[in-house]
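Before any comments, here is the structure.
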Amino acid sequence: MKFLDLNKKIQIREEIITSAELIEAATATNSYIKSLVSAFNELGFDIFYSLGQRNISGFVGEIFKHILAAKHEGFVANPHPDGRPDILSVDTKEIQDYYENCFITVNERSVPIKDLFTPFKYGGLEVKCSIGSSGKPQNTRYIQDHGHTFDLYEPRVGYLNGITWWAHHSSSSNLLGLYYDYYEKENGIPQILAAMYSTLTETDWYKVSTGNPQNKKTSNTSLNKSGLQKMKNNCLFCCSDDEYIAQLKAIKIAI
């Protein structure tokens, strides 16, 4: 897969990340995902059906964050599963020393202390992944049987009518928003196809929904109009496939 490099960069504290470096990380992520499919097929089951659609976005983002963090000395992937941001800034000796003391030893294992990683006080880069929303006609029977309007491995690009990213909080963040789809030219395997970025504030998110405490629903929110506009105005790279470029432009992504 080839990408259109929009020749941009982002800065997190003292660390500079170019769009070319993000493309390199996306390419490595996509290749790794393809290798996983083959490896799990050898075991006789489908990794993405096992994960389910709700978990795939997070799974793709997790792979990307570890690959990107490993390429920069000033970054490290947040080691706590509930931690934020996803990639931590450790660009000075002082912060590195602080980071090393954010763990305790349990059964001879180094365990991250949740309160010190949620959030990490020196900040970093939040990474979120989205397949976007689609306008495919609803089929009631299909939804009853499958719970969604698309099956896994079915490209959404022809029906893409919007994109947003979700979070469990509305704290200000440096948000790298990835867009992926089941890419037809790779046999429908999920692949990262574009990335957008903005520094967001609490006013760029809708009010956090906490739901009914009795049903253990996790809190969630999504970008509002101002947050989405910031992201759409700063696309860093996208797949060079003409169909995707046209569809992303149609939903007002600045390419």
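The values are calculated or read from the model by the stated rules, or taken from the named source; none is laboratory data. On a predicted model such as this, the values are computed, not experimentally measured, just so you know. Virtual Cβ from ideal backbone geometry, glycine too; neighbours counted across all protein chains shown. For the accessible areas, the whole protein counts, side chains as well, though only heavy atoms, and no ligand, DNA or RNA atoms are used. Shrake-Rupley method; radii C 1.70, N 1.55, O 1.52, S 1.80 Å.
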Selection within region 204-255 - modelled with pLDDT of 95 or more and assigned to a strand (DSSP E or B):
C235, L236, F237, C238, C239
Is it true that K232 is open to solvent by 50 Å² or more (accessible area, probe 1.4 Å) and basic (K, R)?
no
Collect the residues in region 34-52 that are in contact (Cβ under 8 Å) with a residue 60 or more places away in the chain and either open to solvent by 50 Å² or more (accessible area, probe 1.4 Å) or farther than 19 Å from E154 by Cβ (or both), keeping them in residue-number order.
K34, Y49
Residues (surrounded by fewer than 22 Cβ atoms within 10 Å (Cβ to Cβ), at pLDDT below 95 and of a type in the set (A, V, I, L, M, F, W, C)) located in region 164-197:
W166, A167
Which residue pairs have Cβ atoms closer than 7 Å, lie 6 or more positions apart in sequence or on different chains, and pair a first residue in region 105-122 that is open to solvent by less than 100 Å² (accessible area, probe 1.4 Å) with a second residue that is outside any strand (DSSP E or B) and of a type in the set (S, T, N, Q)?
F117/N78; P119/S171; F120/N78
